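Chemist: Following this message is one structure expressed as structure tokens.
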Amino acid sequence: MKNNSIFKLTFWKGVALLMLVIGGYSIFLRYTKGLGAVTNLSDQFSWGLWIGFDILCGVGLAAGGFTLCAIVYIFNIKRFKPIIRPTILTAFLGYLLVIFALLIDLGRPWAIWHALVMWNPHSVMFEVAWCVMLYTTVLFFEFSPIILEKFKLYKLLKVIKAITIPLVVAGVILSTLHQSSLGSLYLIVPAKMHPLWYSSWLPVYFFLSAVSVGCAMIIFESYLSAKAFNRQLEFSLVKDIGRWIVVALGAYSVLKFMDLLHEGKLKLLLESSEETYLFWLEVIVGIFIPIILLIVRKIRENRIGLFASAAFVIGGFLLNRMNVSITSIQTFSDYYYFPSFYEIATTLFIVTVGIIVFNLIVKNFKVFEEVPVHENKFKYIVIDGREALKEN
Amino acid sequence: MNKKKAILIDITRCIGCGACYEACKEQNHLPETSSDPLRDTLSDKTFTIIEQRGDYFIRKMCQHCDKPSCVSVCPVGAFEKTEWGAVLYDEDKCMGCRYCMQACPYQIPRYEWGELNPRVQKCVMCYDRVKNGLPTACAEACPAEATIFGDREELIKEAESRIRDNPDRYYPYIYGLNEVGGTSVFYLSPVSFEELKFNTNLPKKALPNFTWEALSKIPTIVTVGGVFLTGFYWLTNRKNEIAKERFQDEQEEISKSKTEGDITDEK
Ligand code: SF4
Ligand code: SF4
Ligand code: SF4
């Protein structure tokens, strides 16, 4: 038993090391030989895996941060408080990695600060840049209590706690804006995108799918970190989040199909083309299966069932972002894009760094709260005082 | 030079000699990339090409759109639509996000993929020449007058009268006049533009409008969102306070009634 766990640890450490070495080498090549030498990007395909996965998926997967903050602080459902720290940590790390990825993808990364001083308010990219920057700052503040506590800086801690609500409100608004704007990026290319994905609703799709994947990530991470750090899963908490996913996904899918209907695109769903298959795959994996799974109470209230549903949502989400950024653009391009070895290695490098840093922080700071429920006396939404009496 | 300039390309006249191709290379100090102009592709080193489609030759170059996508999407405003029509790029602003390339409906901007300090490259409508009252190098070089340069309004009239006077020779459509809200490069063709594989699916609406419809909602989202979220916070917290107060009141009443010796609760 003991041997087994040591072997497991060294195996994953080995994998991580390998990723870091190969990815590090790819990044080194990118900075010394140029984008052309390491990527399969071309003039016809100027955005590839790094934008599609590292940026679009990265930002979406970090959406748990603002979703949970809104649930806990705005909708005042305080019982989720114990999982707020790990979620904020993931979001914060996620955004830092997105910025890191951007520095690799930009042709002139040293000019990134230009977005601060050379304004073009007509550009969606400009808006995204500002929102991401401001929201990363907000996340830093939301995350800072963990550090301040560790170093016993109680005065600063008090200041941060005092501005929690304004921070949360700002964070939710900034997230709403840039999560949806990542979809708006594609509004300007109606003639370059496959009609199954192009829609004037793209910003709303991106927002709703970000909310649902944000919720799914909370479940997914709680499950994994419970396993990895040998903790109890806050199961009674996360299972409720499953219902939020059903609502978000439900709205998302109804909108999506209503729009296809309105635009007269339903016949595209019956075509036999690569795009149609990929569209169905995305919708079935990411929307239909998880909705069905989560509606069934037995599955929702079962650890494995809940975890699997979350995994489906995440898988479908990744497929959607890759479809929007690559499959749909491929249709009208004569250039066939598939990411190069170095592009994939760089992406894996970034993911690996994320996991390692998360582990380090969790081991050294108080990210998971030890006493989850007791401090929440009287803080439930309860209208009847007797109920409150019972709960305590 | 305040008048808007344009380029008119008459496919019925083009003989595919490649003079424009050579002239452009020379004017912009671009290296040779192919011995046959008809085989070359647009690149960071080639701003115009001639493609053969059946019996016809088609020049490809930046359309210098009236409402250019490239100008609209660039986060740092590196692209500019000049007063006289040309769309120009400023490498000192560019940060290399390549959104301009992603957004251009004609796939025009090209990237210096091999460089460590890459630029976006495309036709500049011979800015230096036009500034001095000269036509573009490609227009000047064309021996068949298939490419001509001039004032936009006059060229539109010229194109219209060519179609009117020779209805057998021309397909009755000026490509580029209304595509994506109008451009500065017009094409006349003997056959339908679909047949020549021009991009005929492009909306007539200026593309930046699609984005603006979403972007202009931002102030509303921020203000309404701010009020809604703060309001909701206030509501949910108020509810809790009421619950707490009521709970305390009840406690008090219970203890009061207990001191009064009322024991109905315990029965
Ligand atoms: S054709 Fe493309 S590069 Fe040229 S002005 Fe229009 S959008 Fe810009
Ligand atoms: S690559 Fe440069 S010019 Fe093109 S949109 Fe990005 S910053 Fe602007
Ligand atoms: S206008 Fe000038 S830069 Fe543009 S294609 Fe003609 S010669 Fe080349």
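The values are calculated or read from the model by the stated rules, or taken from the named source; none is laboratory data. Quick caveat: nothing in here was measured; it's all calculated off a predicted structure. Virtual Cβ from ideal backbone geometry, glycine too; neighbours counted across all protein chains shown.
Chemist: All but one of (1) touching a His at 6+ places or on another chain (Cβ under 6 Å); (2) within 16 Å of ligand 1 (Cβ to nearest atom) hold for B:MET95; which doesn't?
Modeler: The single condition B:MET95 does not satisfy is (2).
Chemist: Would you point out which residue out of B:VAL185, B:VAL120, B:VAL124 is within 14 Å of chain A (Cβ to nearest Cβ), aliphatic (A, V, I, L, M) and within 16 Å of ligand 3 (Cβ to nearest atom)?
Modeler: Values: B:VAL185 fails: within 14 Å of chain A (Cβ to nearest Cβ); B:VAL124 fails: within 14 Å of chain A (Cβ to nearest Cβ).
On inspection, the qualifying residue turns out to be B:VAL120.
Chemist: May I ask you to verify whether B:VAL191 is within 30 Å of A:MET193 (Cβ to Cβ), assigned to a helix (DSSP H, G or I) and not acidic (Asp, Glu)? Give the derivation first.
Modeler: On the way: within 30 Å of A:MET193 (Cβ to Cβ): yes; assigned to a helix (DSSP H, G or I): no; not acidic (Asp, Glu): yes.
So B:VAL191 does not fit the description; no.
Chemist: Another question, if that's okay. Residues being within 13 Å of chain A (Cβ to nearest Cβ) and either within 13 Å of ligand 3 (Cβ to nearest atom) or assigned to a strand (DSSP E or B) (or both): count how many of those fall in segment B:63-88. Before the answer, list the steps.
Modeler: Within segment B:63-88, the subset within 13 Å of chain A (Cβ to nearest Cβ) is B:65, B:67-81.
Going one step further and asking which of them are either within 13 Å of ligand 3 (Cβ to nearest atom) or assigned to a strand (DSSP E or B) (or both), we end up with B:79-81.
Total meeting the criteria: 3.
Chemist: Which ones in segment A:31-51 are surrounded by 22 or more Cβ atoms within 10 Å (Cβ to Cβ) and either assigned to a helix (DSSP H, G or I) or within 15 Å of the chain's Cα centre (by Cα) (or both)?
Modeler: The answer is A:LEU35, A:VAL38, A:LEU49, A:TRP50, A:ILE51.
Chemist: Mind listing whichever residues of segment B:9-58 are within 16 Å of ligand 1 (Cβ to nearest atom) and within 23 Å of B:TRP84 (Cα to Cα)?
Modeler: Within segment B:9-58, B:ILE9, B:CYS24, B:ASN28, B:PHE47, B:THR48 meet the criteria.
Chemist: Continuing with the same structure: Being in contact (Cβ under 8 Å) with a residue 60 or more places away in the chain, assigned to a loop (DSSP other than H, G, I, E, B) and away from ligand 2 (no atom under 15 Å from the Cβ) is the filter here, so list the residues in segment B:124-148 that pass it.
Modeler: B:MET125, B:CYS126, B:GLY133, B:THR136, B:CYS142, B:PRO143, B:ALA144, B:GLU145, B:ALA146
Chemist: Anything in segment B:79-102 that is near ligand 2 (Cβ under 8 Å from one of its atoms) and in contact with a Ser or Thr (Cβ under 7 Å, 6 or more places away or on another chain)? List them, or say none.
Modeler: Answer for segment B:79-102, where residues must be near ligand 2 (Cβ under 8 Å from one of its atoms) and in contact with a Ser or Thr (Cβ under 7 Å, 6 or more places away or on another chain): B:ARG98, B:MET101.
Chemist: I'm told B:CYS65 meets every condition in (1) crowded, with 22+ Cβ neighbours inside 10 Å; (2) more than 16 Å from ligand 2 (Cβ to nearest atom) except one. Can you identify the failing condition by its number?
Modeler: All conditions are met except number (2).
Chemist: Let me ask something else. Filter segment A:52-65 for residues that are away from chain B (no Cβ under 11 Å) and under 11 Å from the mean Cα position of the chain (by Cα) and give the result.
Modeler: Answer for segment A:52-65, where residues must be away from chain B (no Cβ under 11 Å) and under 11 Å from the mean Cα position of the chain (by Cα): A:PHE53, A:ASP54, A:LEU56, A:CYS57, A:GLY58, A:VAL59, A:GLY60, A:LEU61, A:ALA62, A:ALA63, A:GLY64, A:GLY65.
Chemist: Okay, next question. Of all residues in segment A:252-273, which are assigned to a helix (DSSP H, G or I) and of a type in the set (S, T, N, Q)?
Modeler: Hit for segment A:252-273 is A:SER253, nothing else.
Chemist: Another one. When you go through A:ILE160, A:ILE104 one by one, which is the residue that is among the β-branched types (Val, Ile, Thr), in contact (Cβ under 8 Å) with a residue 24 or more places away in the chain, more than 16 Å from ligand 3 (Cβ to nearest atom) and more than 18 Å from B:PHE79 (Cα to Cα)?
Modeler: A:ILE104
Chemist: Which of the residues belonging to segment B:89-105 are within 17 Å of B:ASP128 (Cα to Cα) and either facing another protein chain (nearest Cβ under 9 Å) or in a loop (DSSP other than H, G, I, E, B) (or both)?
Modeler: Listed by number, the residues that qualify are B:ASP90, B:GLU91.
Chemist: Can you name every one of the helices (runs of 4 or more DSSP H) wholly within segment A:283-392 that holds 2 or more residues which are at pLDDT 90 or above?
Modeler: A:289-295, A:303-322, A:341-364
Chemist: Among the numbered criteria (1) surrounded by 17 or more Cβ atoms within 10 Å (Cβ to Cβ); (2) in a helix (DSSP H, G or I), which single criterion is violated by B:GLU26?
Modeler: B:GLU26 satisfies every listed condition except (1).
Chemist: Still on this structure, I have one more. Taking the conditions exactly as written (buried (at least 19 other Cβ atoms within 10 Å of the Cβ), in contact (Cβ under 8 Å) with a residue 24 or more places away in the chain and more than 16 Å from ligand 1 (Cβ to nearest atom)), does A:ALA115 satisfy them or not?
Modeler: No, not satisfied.
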